[in-house]
Amino acid sequence: SNEDGNVWVTFNGEIYNYRELRTELIGYGHTFRTSSDTEVLVHGYEQWGCDFVARLRGMFAFVLWDGRRRRFFLARDRVGMKPLFYLEQPGLFAVASELQAFQALEEFQPTLDVQAIDMYLHYQYIPAPLTIYKETRKLPPAHYLVVNADGTHGAPVRYWDVVFRPDRSCDEDEWIERIDAALRETVSVHLVSDVPFGAFLSGGIDSSSILAYMSELLPEPVRAFTIGHRAADYDERRWAEEAAQVCGAEHHVKVIEPDALELLPTLVQHYGEPFGDSSAVATWHVSQLARRQVKMVLSGDGGDELFAGYHAYAAVLWEHEPALSTARHVRHALANGARAAGLWPRRPSIADQKFERTAVIEPRLRRRLWKPEWADLVDGTRAQFEEQLASSDGEDLLGRLQRFDLLNYIAYDNLTKVDVASMCHGLEVRVPMLDHVFIETAAQVPPELKLRPATGSRAARNGRLVPGAPLVGKYILKRNGRRFFSDEFLHRKKGGFEVPIQKWFAEPYREELRSRLAGPSSLLRDFFDEECLSDVVESGAASRRGAWKAWSLLVLAEWLSQ
């Protein structure tokens, strides 16, 4: 609390700039009883009011009680590293950092939100403000909410935003130096702690870069933790080992066996609502591995979104970037005229393409999957999606796509996955590339320094982004990575932090999967068409995308049963 006990806080997270804030607040006359980062929250609120949250650098979710004004102040960090849920029922307002905590309240009377289930089937997560229950909500990242003592409140207030606006005042070499300085600074800030540190190491350029800077900044070898797979096309242990050797790290590896179904009830219990990203299995295991030796790790999450590492960015740009020659401009104009006259198929809009690409279970299949009385739910998910995409108003197309992923996929999938899987082992994960100071630097990198034509292509010889030409992401991050790693390491085919669920569903679990999804006792049959469920079971062993669909339904079935 503060000095007179009128302001109290309950807090989850870390404030990295608390020492600077503490010094400033002491200068204003505040008296501190501790040296912890928590106490700067009560005094900061006293001094600056609601706006103080914009001064914080860190990962946080907290609730303040203001006894003089008889109100609560709820706030969440800028990108959603820490969760915050609230419950509203007649006569009851409650706040928690886990959805399942509300079950401790005798008054809690949850109602299933079926629209949220369709959003889950689309995204493999439920985006804010929705949760699986109608009575509970997620506070969106970068927002605060003021709640009066009687439970009344206005809308959440956004206190931070990012727009991808390129700064071309620097040339390529100067941008490399800016990225180097920004990475070194953010890693240094995230290394402030009194407990042993480690690093998650997938072998990709993002986690390897974080490890490289940690190794330069710390006096002792960094302990790095990697998950491997027996399926060679999913396994990147070779590259992780190379990164560990280059950085002089102490490398620890665990190979995941096909035990996903045994782990599934535990995962579902901890996530509290359906969460279908199968890489949560690998994150759970690597967190368990790391916690045996350290209490805190740094992760490389965020590099793909900030530096355009996903293939989908190039695919959308190919379709929608402006024509780069007069002849191509004329062809586009003629094609658009033919589309307008109904003589040519309609060109997919940016929203069309992004909506389809974000879908784990595509809209056409979901309409078949839902029983007829719920098929219109797909339209509600589309409306929510378009509202989110419309708010991503960067000056260029690539920036709009990146901003959408930063505010949605990063917050509700990536960071949710990491926070839950790590905290259930008592491991704290810090994410230097998603520090807001670093994000604001990366958002100024021109798009041509993120996506580049592949070496040897005609577009590369012309030095231009030609629609349809093969593009390679993370260009500036890879150029900076030459400080540490070989070209072979930096320019290999991109992998992903995935688990081989397709192979698991092909044989070990095929019949059990069929029983859980489409068998007589499956709770999914209350909502979904039995024949379509059987089709998804078959697709689970046939392709990687089919396996994602089957896994998402399997998680939902387990959640319903719990």
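Here are the numbers for this structure:
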| item | result |
| --- | --- |
| Helix-derived mean residue ellipticity, 222 nm - over the chain, DSSP H n ≥ 4, -39500 (n - 2.57), to 500 | -13000 deg cm²/dmol |
| Unit charges on C-beta of K, R, D, E only; dipole of region 1-156, Debye | 320 |
| Distance violations [Cα-Cα > 24 Å] among Lys82/Lys478; Lys354/Lys549; Lys254/Lys478; Lys371/Lys549 | Lys82/Lys478; Lys254/Lys478 |
| ³J(HN,Hα), Karplus 6.51/-1.76/1.60, whole Hz, each residue of region 433-445, x for Gly, Pro | 6, 9, 5, 5, 5, 5, 4, 5, 6, 4, 5, 8, 5 |
| For region 1-143, fraction of C-alpha pairs farther apart than 25 Å, in % | 35 |
| In Å², nearest 10: area of Met423 left accessible to a 1.4 Å probe | 90 |
| Probe 1.4 Å, accessible area per residue of the chain, Å² | 42 |
| Segments 287-299, 87-99 sorted - mean Cβ within 10 Å per residue, highest first | 287-299, 87-99 |
| Among (1) 29.7, 98; (2) 24.3, 75; (3) 26.2, 100, the entry that matches Rg and Dmax of the Cα atoms in Å as calculated here | (2) |
| Region 115-225: relative contact order in percent, alpha carbon pairs under 8 Å with at least 6 residues between | 13 |
| Arg223 long-range amide H proximity, modeled H, under 5 Å | Ala199, Glu250 |
| Lys/Arg +1, Asp/Glu -1 at C-beta; the chain dipole; positive extreme among Ser422, Pro447, Gln103 | Pro447 |
| Cα gyration tensor category, rounded, prolate or oblate, for region 180-224 with a/c compared to 1.5 | oblate |
| Cα gyration tensor, region 78-159 - rounded (a/c under 1.5), prolate or oblate | oblate |
| Fraction of accessible area attributable to carbon and sulfur, region 151-270 (%, probe 1.4 Å) | 49 |
| Cα centre as origin, Lys/Arg/Asp/Glu Cβ charges: the chain dipole, Debye | 1420 |
| The chain - percent relative contact order, Cα under 8 Å, separation 6 or more | 17 |
| Of Ser209, Ala182, His153, farthest towards positive along the dipole that unit charges on Lys, Arg, Asp, Glu beta carbons give region 150-212 | His153 |
| Of all DSSP beta bridges in the chain, antiparallel share, percent nearest 5 | 70 |
| Cα centroid separation - region 484-562 against region 25-40, whole Å | 50 |
| Distance-filtered residues of region 366-388 - backbone nitrogen under 19 Å, label point 7 angstrom along Glu530 Cα→Cβ | 368-374 |
| Percent RCO, i.e. relative contact order, over region 14-121, from Cα pairs under 8 Å lying at least 6 residues apart | 17 |
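The values are calculated or read from the model by the stated rules, or taken from the named source; none is laboratory data. Computed from a prediction, not measured in an experiment: that's the story for all the values here. Heads up, the Cβs are rebuilt from the backbone with ideal geometry, glycines too, and the neighbour counts pull from every protein chain shown. Accessible surface is based on the protein model in full, side chains and every heavy atom, while ligands, DNA and RNA are left aside. Shrake-Rupley method; radii C 1.70, N 1.55, O 1.52, S 1.80 Å.
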